[in-house]
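> Let me give you the structure first, and then I'll get to my questions.
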Amino acid sequence: MSTAMNFSSKSFTPRPPDKGAFPLDHFGECSAFKERFMECLRRSGYESAACRQSAMAYLECRMDRRVGQLMANEPLEKLGFKDLINEKSEEKPEK
């Protein structure tokens, strides 16, 4: 008796990756930000806390580049940068 394999006709629908995973930047749209972050890590002995400003700038670049869909927009507060955003707003002079 032969066994027939039945493959369903359901198609696979890809979905965007969860936070922490995003497509590679094939066109180098954010490579300058990435290099600044990597240089900061090297200078600080790979202490990532010292490079949070660079990390935030890199993620902002990724979120701003919607053409390549490098990263979905997400409030920076949810990505762990709430304290840096507060510092940034305090530095701006009021009009």
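> Which of the residues spanning region 33-60 are surrounded by 13 or more Cβ atoms within 10 Å (Cβ to Cβ) and of a type in the set (A, V, I, L, M)?
Hits for region 33-60 are 38, 41, 50, 55, 56, 57, 59.
> A further question on this structure: Here's a check for you: in region 1-56, which residue that is modelled with pLDDT of 75 or more, among the aromatic types (Phe, Trp, Tyr) and not in a helix (DSSP H, G or I) is farthest from the chain's Cα centre (by Cα)?
Among those residues, the one meeting the criterion is 12.
The values are calculated or read from the model by the stated rules, or taken from the named source; none is laboratory data. For clarity, every value in this text was computed on a predicted model and none was experimentally measured. All Cβ positions, even for glycine, are placed from backbone atoms using ideal geometry, and neighbour counts span all protein chains on display.
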